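Worksheet: one structure, shown below.
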Amino acid sequence: MEKRPEYVLDAQIGYVLRRVTQRHLSIFSARIPRVTTTQWAAMARLFHAGPMSQNMLGRETAMDAATIEGRGGPAGARGLVDTAPDPRTAAALR
């Protein structure tokens, strides 16, 4: 009978990444409690790239439409970002 290789949890990349993510979120929320990491990512992208559509912001931050809408809405409501209709989309609808 062949011996199976030992499974070592600490050697699994998914486990290590989850632990690193937990630590990062803990440090981030202690130092920047007003926003989530996803809100921060969206604001950082807007700071560096300038205004863009919500759709483009989602693509640029690797977030789906529901996530970016959920993150942008509260940040916008607290005055952390400005929102406005995309003039290109508005023109296309006319």
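A few notes on this one:
- Subset of the range 6-63 [of a type in the set (A, V, I, L, M, F, W, C) and touching a residue at least 12 places away in the same chain (Cβ under 8 Å)]: Leu25, Phe28, Val35, Trp40, Ala41, Ala42, Met43, Leu46, Leu57, Met63
- Identity of the residue in the range 39-52, surrounded by fewer than 14 Cβ atoms within 10 Å (Cβ to Cβ) and of a type outside the set (A, V, I, L, M), that ends up nearest to Ala84 (Cα to Cα): Pro51
- Of all residues in the range 75-94 being assigned to a loop (DSSP other than H, G, I, E, B) and farther than 16 Å from Met56 by Cα, the one that is modelled with the lowest pLDDT: Arg94
- Selection within the range 1-38 - within 21 Å of the chain's Cα centre (by Cα), exposed (fewer than 11 other Cβ atoms within 10 Å of the Cβ) and assigned to a loop (DSSP other than H, G, I, E, B): Pro33, Arg34
The values are calculated or read from the model by the stated rules, or taken from the named source; none is laboratory data. In this text, all values refer to a predicted model and were calculated from it rather than measured experimentally. All Cβ positions, even for glycine, are placed from backbone atoms using ideal geometry, and neighbour counts span all protein chains on display.
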